[in-house]
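*Asks:* Below you'll find the structure I mean.
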Amino acid sequence: MKKEIKYPNVIFILCDDFGYGDAGCYGGTSIPTPNIDKLAEQSMRFTQCYAGAPVCAPSRCVLMTGLHTGHCTVRDNFAWKGGLPPEGRVSLRRDDSIIAEDLKHVGYTTGIFGKWGIGEEGTEGIPNLKGFDEWFGYLNQRHAHSYFPTYLWKNQKRIDFSPAKDGQQGPYSHDLIVNYAIDFITRNADKKFFLYLPWCLPHEPYEIPAQYAWNEAKATWKDEEKAYASMVRKIDTDLGRIMELLEKLRITNNTLLFCVM
């Protein structure tokens, strides 16, 4: 009789430009990170890991494909001066196999919410053509340099946001991304799922709504330092939301939760 394999859920949170030593579990003392620290205390820390590349796009390509940059399709944020459109960026190809496609083959439901960065509009490298059932966020990493964008992508449809009125900014992209993640987990709690969350925080620009400002930041810190600290606190808070949801849905013990800084 064939033994049934019990597959765990996988949630992989990737934080962009988070300082390794800023989290308490890695020695940070300036910014409280109770949820990150709790996750580390309850599981394990990886202290000898390195990004696949020093810049955004090739690092994400390494993560998704498992290949060294010498074998990856995407080897830099740009191709060459005057290179492939748009802006010389390179996208994944049809024959580039990534982890989402592999997990789809064994029955996983897959989702990605955040910054993709390795497949442009109209190419074979967009998330829905690379094994992801659901997708919301930024295709282009340069576009992700604003947390108040005029549009984002939901699957293969561009979602435009109304222009800001009366001096008010539009929706904060990170909030939308986290809400999609919460909804995805809730809807798929009775299935095996892979959820990839390449969050933009705390990458510059250091933009965060006033309601998320960390009021305990030191008065001597510069405004950018205070905003960065507030973004780290926001990451920690939203990680806590996900951890609480897994407990509520009673799937914590069957979920591998990674938070990479």
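*Asks:* What residues qualify as long-range amide H neighbours of VAL260, i.e. H under 5 Å apart, gap of 5 or more or another chain, H built at 1.01 Å from N?
*Replies:* Under 5 Å from the amide H of VAL260: ILE13, LEU14, CYS15.
*Asks:* Which of ALA23, ALA217, ASN155 sits farthest toward the positive end of the charge dipole of the range 9-260, with +1 on the Cβ of Lys and Arg and -1 on the Cβ of Asp and Glu?
*Replies:* ASN155
*Asks:* Place a +1 charge on the Cβ of each Lys and Arg in the range 9-260 and a -1 charge on the Cβ of each Asp and Glu, then give the dipole magnitude about the Cα centre in debye, rounded to the nearest 20.
*Replies:* 360 debye
*Asks:* A follow-up question, please. What is the calculated FRET efficiency for GLU244 to THR47, with r their C-beta to C-beta distance and R₀ = 22 Å, to the nearest 0.05? Don't jump to the answer; show the numbers that get you there.
*Replies:* Details: r = 27 Å, r/R0 = 1.21.
Calculated value: 0.25.
*Asks:* Let me ask you something else. Peptides 39-49, 99-109, 236-246: what's the order by average Cβ count within 10 Å, highest mean first?
*Replies:* The most tightly packed comes first, giving 236-246, 99-109, 39-49.
*Asks:* Mind computing the radius of gyration and Dmax over the alpha-carbon atoms of the range 195-261? Å is fine for both.
*Replies:* So, for the range 195-261, Rg and Dmax equal 14.4, 44 Å respectively.
*Asks:* Something else: Round to the nearest 0.05 the FRET efficiency obtained for GLN169 and HIS68 when R0 = 45 Å and r is the Cβ-Cβ distance.
*Replies:* FRET efficiency, GLN169 to HIS68: 0.65.
*Asks:* A further question follows. Using only C-alpha atoms and all pairs of different ones, pull out the Kirkwood radius for the range 10-155 in Å with one decimal.
*Replies:* 16.8 Å
*Asks:* Anything over 31 Å Cα to Cα? Flag those among LYS6/LYS157; LYS154/LYS234; LYS38/LYS222; LYS38/LYS157; LYS38/LYS130; LYS157/LYS191, in the order listed.
*Replies:* Distance filter (> 31 Å) returns LYS6/LYS157; LYS38/LYS157; LYS38/LYS130.
*Asks:* A further question follows. At a Förster distance of 45 Å, what's the computed FRET efficiency of CYS25 paired with LYS157, Cβ-Cβ distance as r, to 0.05?
*Replies:* 0.70
*Asks:* Restricting to Cα pairs below 8 Å that are 6+ residues apart, what does the relative contact order work out to for the range 9-260? Please round to a whole percent.
*Replies:* In percent, rounded to a whole number, it is 25.
*Asks:* Share of antiparallel DSSP beta bridges in the chain, in percent to the nearest 5?
*Replies:* Approximately 20 percent, going by the DSSP bridge assignments.
*Asks:* Still on this structure, I have one more. Check which residues have an amide H placed less than 5 Å from THR110's amide H, if you skip close sequence neighbours.
*Replies:* ASP133, GLU134, PHE194
Bear in mind these aren't lab numbers, they're just calculated from the coordinates by the rules spelled out. Please read these numbers as outputs of a predicted model, since none were measured by experiment. Glycine gets a Cβ as well: all are built from the backbone with ideal geometry, and neighbour counts include every protein chain shown.
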